[in-house]
Amino acid sequence: MSQPQATEANDIAYCRSDFPVLDQAVNGHPLVYLDSAASAQQPAAVIDAVARYQREDHANVHRGVHTLSHRATELYEGARDKLCSFINASSRAEIIHTSGTTESINLVAQSYCRPMLQAGDQILITWLEHHSNIVPWQLVCEQTGAELIVAPINDRGEVELDELRALMTDRVKLLGIGHVSNALGTINPLLEIIADAKQRGISVLVDGAQAVPHMNVDVQALGCDFYAFSSHKMIGPTGAGVLWGREALLEAMPPYKGGGDMILEVNFEHTVFNELPYKFEAGTPNISGMIGFGAAVDYLQSVGMDNIYQHEKALHSYMVSKLKAIDGLHLIGTAREQASVQSFRLNDIHPHDLGTILDHQGVAVRTGHHCAMPVMQRFGLPGTTRASLGLYNNSDDVDQLVVALEKARQVFA
Ligand code: C6P
């Protein structure tokens, strides 16, 4: 694996050359990639780990007595060990490999909530949530007669904590909350929120899709019950992710899917399920994706999550100061604690038109509702333009964004 060469603490701009895709022109301009919240780019170390596995070690896992199957299993299970220590889980049995955050949350909705929910019970979420942390709860509420309730947010895009607490009654069985909002970048004060929920006997699932790539996450210190995240947002391959859950809860839950690998014994009368974590991993998994995910964790750790956090925080502040200086630009999402994501509007230019003009200048941003329609409704907008930063971005990228926005402003004047 190619290790990034540190020049000094927090100076991680050197990372950039490890990401081959960034070294190209798009529409005649050097690529400026500001869409890491949708999917982050992959370093050569990840691409090479996947390619090496495909070339030299590919076989099915947990099934074969032959050498390639052993090698594939070792690499695949090695990724679980890396992920376990990365988020400080207490045991590898708690690391369930999934296809991503969406599947992880659906797993909890169907295997943890569905068997225990009754008519009159409630699931509590916030207005900040991504659709993946809304729709699975709607489905399980429809299936059980439970009710979905929603804590409001303020004009900065922060959860109204008093109102959230007031909604935490005996009827609430689970709180589903994002660590970091994908649309607005808000970092929720999770320690406080989780402590309040647990004090009231409420289980907590955290949607960590936008947090794990950007900061140190310690699931034991957080005190939640479940934590979901995706590989492709943390410089790994798509179609791979994790559900972390407390072992005792996972032990008590029925399987989410049935099939091969999640069983110890099958006959037509009865099936004995496999132990954790395999009970929740039916069928041939995304082996190469998980191996790439393991390599992504190695890479992130070699750079250092604290360094990544500090770098992105400084770059976000720089970006905000530059954006504020643009005539007609309105920031959407101004939380006091914000990650490296910034939504905005420019005059009354439709975000899709703005995104297209930016793309013509080589600048990749996301536009639209960001799979968080309720957030857009809260601000009375059909959508925003969103620039999201990764560890490989630098101030030149921000400067190019600003130049492109100024040009767009003139085009639409
Ligand atoms: N957000 C974005 O552009 P999956 O697709 O399962 O890997 O992740 C879903 C998901 C869940 N929660 C949050 C907070 C997310 O941001 C996402 C994915 C992308 O913001 C694509 S919609």
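The values are calculated or read from the model by the stated rules, or taken from the named source; none is laboratory data. Here the structure is a predicted model, which is why all the values come from computation and not from measurement. Neighbour counts are summed over all protein chains in view; Cβ atoms, including those assigned to glycine, are modelled from backbone coordinates with ideal geometry. Only protein heavy atoms, including side chains, enter the accessible area calculation; ligands, DNA and RNA are left aside. Shrake-Rupley method; radii C 1.70, N 1.55, O 1.52, S 1.80 Å.
Couple of notes before you dig in:
- For the chain, averaging the sequence separation of C-alpha pairs within contact (under 8 Å, six or more residues apart) and dividing by the residue count gives a relative contact order of 24 percent.
- When the chain is described by a simple charge dipole with +1 on each Lys and Arg Cβ and -1 on each Asp and Glu Cβ, the residue from Gly355, Leu164, Ile187 located farthest towards its positive end is Gly355.
- When the residues Tyr112, Tyr76 are ordered by accessible surface, computed with a 1.4 Å probe over the protein chains alone, the sequence from largest down reads Tyr112, Tyr76.
- Label point distance in nm, Ser395-Ala166, each placed 7 Å from Cα along Cα→Cβ: 4.5 nm
- Sulfur and carbon atoms: percent of accessible area, segment 49-301 [1.4 Å]: 51 percent
- Kirkwood Rh and Cα Rg combined as Rg over Rh, evaluated for segment 180-270: 1.06
- Projecting the Cα positions of Ala25, Val46, Ile123 onto the charge dipole of the chain (unit charges on Cβ atoms of Lys, Arg, Asp and Glu, taken about the Cα centre) puts Ala25 furthest along the positive direction.
- Heavy atoms of Tyr309: accessible area, 1.4 Å probe, square angstrom to 10: 60 Å²
- Span-like helix ranges in the chain, DSSP H, alpha carbon extent 15 angstrom or more, Kyte mean at least -0.5: 287-303, 395-411
- Checking every one of the trypsin sites (Lys or Arg not before Pro) in segment 274-363 against DSSP loop status and a limit of 13 other Cβ atoms within 10 Å picks out Arg336.
- Sum of side-chain charges, Asp261 neighbourhood, beta-carbon under 9 Å (Lys, Arg +1; Asp, Glu -1): 0
- Computed over neighbours whose Cβ is under 12 Å from that of Gly100, the net charge equals -1, Lys and Arg +1, Asp and Glu -1.
- Modelled label positions at Asn267 and Asn347, each set 7 Å beyond Cα in the direction of Cβ, lie 7.7 nm from each other.
- Across Lys82/Lys257; Lys233/Lys257; Lys324/Lys407; Lys322/Lys407; Lys173/Lys198; Lys198/Lys257, pairs whose alpha-carbon gap is larger than 22 Å: Lys82/Lys257; Lys233/Lys257; Lys198/Lys257
- Pairwise label distance in nanometres, Gln199 with Asn27, each label 7 Å out on the Cα-Cβ vector: 5.1 nm
- 222 nm mean residue ellipticity, helices alone, for the chain (DSSP H n ≥ 4; -39,500 (n - 2.57); rounded to 500): -10500 deg cm²/dmol
- Per residue, the accessible area of segment 49-301 comes to 38 Å², computed with a 1.4 Å probe over protein heavy atoms only.
- Cβ-placed point charges (K, R +1; D, E -1), dipole of the chain about Cα centre in debye, nearest 20: 380 debye
- Dipole orientation for segment 49-301: of the candidates Gly208, Ala252, His66, His66 has the Cα lying most toward the positive pole (charges on Cβ; Lys, Arg +1; Asp, Glu -1).
- About its Cα centre, the dipole of segment 304-411 is roughly 320 debye, where the only charges are +1 on Lys and Arg Cβ and -1 on Asp and Glu Cβ.
- Unit Cα scatterers, Debye sum, segment 304-411: log10 I(q)/I(0) for q = 0.16 Å⁻¹: -0.70
- Stokes-Einstein diffusion coefficient of the chain, Kirkwood radius over Cα pairs, 20 °C, 1.002 mPa s, in µm²/s: 96 µm²/s
- Environment charge at Leu148 (Cβ cut-off 11 Å; Lys +1, Arg +1, Asp -1, Glu -1): -4
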